[in-house]
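This report concerns only the one structure given below.
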Amino acid sequence: MPPMHVTVCVLTYRRPAMLHRCLEALLQQEVAGFTYSIVVVDNDAGGSARELVELLARSSSVLVEYHREPVQSISLARNKAVESSRGELVAFIDDDEFPERSWLASLFASYRTYSVDGVLGPVLPFFQVQPPRWLAKSGLCDRRSFPTGTILSSSRYMRTGNVLLRRAVFQGEAAPFDPRLGRTGGEDADLFGRLLCKGHSFVWCQEARVHEEVPVERQKRSYHIRRAFIRGVTSADDEPLVSLGTLKSLVAVA
């Protein structure tokens with residue numbers, strides 16, 4: 001029986017330096033019991049990433065494919081990536097992230113060990129320069145993580161920045177990522193919420209680490225205040241008038 005194949009999907013939009021770093025790291029992944037290829041979906045109508053991707057593809061032993069989604073929509077770009085994938089497994093990573101060498105092998109090992117539909121891992125903040133002291137102490141850029149093997153039962157902790165999925169979970173979904181959320185975000189949490197309702201299983205792999213660059217504009221208090229306010233409003237939409245969501249927004253305003 002041939003080894004299982006993983007398609008690693010990378011979405012990009014006018015971030016050539018970050019995309020180059022991400023692809024370089026992906027091309028150096030350790031392989032154990034599987035093969036893999038890379039699909040890049042460019043969400044720039046002008047196709048600005050084509051030259052870079054095709055240049056790397058020509059010099060790589062790993063298959064690297066370039067696709068373009070001209071309509072600016074994160075949902076449509078993700079759907080294009082799923083449509084273009086091959087093999088039994090699909091992984092997602094963002095263009096402003098870069099994985100450690102053991103990333104894909106760690107995800108795959110947990111997939112085999114726990115016999116689940118998907119495996120998620122930590123996204124760690126990466127600063128090109130020393131961040132402000134208040135930001136480093138606050139932990140605002142840190143994301144929740146769990147011990148390896150932890151069963152994930154809430155879409156609150158599930159994103160597509162670091163995930164390996166059984167391709168079969170997309171069957172029967174003409175557009176797995178909701179196009180209505182293509183410009184607002186939240187399309188990944190929406191998908192995971194629906195998959196959980198269908199009974200699909202997911203676990204955490206703490207060893208499958210990727211690093212996400214935190215640009216200077218996200219190191220300002222004003223950015224985190226706006227972010228907290230929006231999150232509070234979003235969660236309050238599905239909650240009573242006086243709820244955790246409204247309290248988040250009130251705290252952010254203060």
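The values are calculated or read from the model by the stated rules, or taken from the named source; none is laboratory data. Only a predicted model underlies this, so the values are computations on that prediction, with no experimental measurement involved. Here Cβ is always computed from backbone atoms with ideal geometry, including for glycine, and neighbour counts include all displayed protein chains. SASA here: full protein model, heavy atoms, side chains in, ligands and nucleic acids out. Shrake-Rupley method; radii C 1.70, N 1.55, O 1.52, S 1.80 Å.
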Q. For the stretch 45-64, how many residues are within 14 Å of residue 19 (Cβ to Cβ), in contact with a helix residue (DSSP H, G or I) (Cβ under 9 Å, 6 or more places away or on another chain) and outside any helix (DSSP H, G or I)?
A. 3
Q) Give me the pairs: first residue in the stretch 100-113 and among the aliphatic types (A, V, I, L, M), second residue open to solvent by 10 Å² or more (accessible area, probe 1.4 Å), beta-carbon distance under 6 Å, and six or more apart or on different chains, which are they? A) 104/29; 105/30; 105/32
Q: Please enumerate the residues belonging to the stretch 6-26 that are surrounded by 17 or more Cβ atoms within 10 Å (Cβ to Cβ) and over 15 Å from the mean Cα position of the chain (by Cα).
A: 6, 15, 20, 21, 25
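In the stretch 69-124, which strands (runs of 3 or more DSSP E) lie fully inside it and hold 1 or more residues that are at pLDDT 95 or above and either within 18 Å of residue 169 (Cβ to Cβ) or among the hydroxyl-bearing types (Ser, Thr, Tyr) (or both)? Walk me through it before giving the result.
On the way: elements: 89-94, 97-99, 118-120.
By residue number, 89-94, 118-120.
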Q: Please list, ordered by first then second residue, the pairs with beta carbon atoms under 8 Å, 6 or more apart or interchain, first in the stretch 50-64 and open to solvent by 80 Å² or more (accessible area, probe 1.4 Å), second outside any loop (DSSP other than H, G, I, E, B).
A: 50/42; 50/66; 50/68; 63/37; 63/38; 63/57
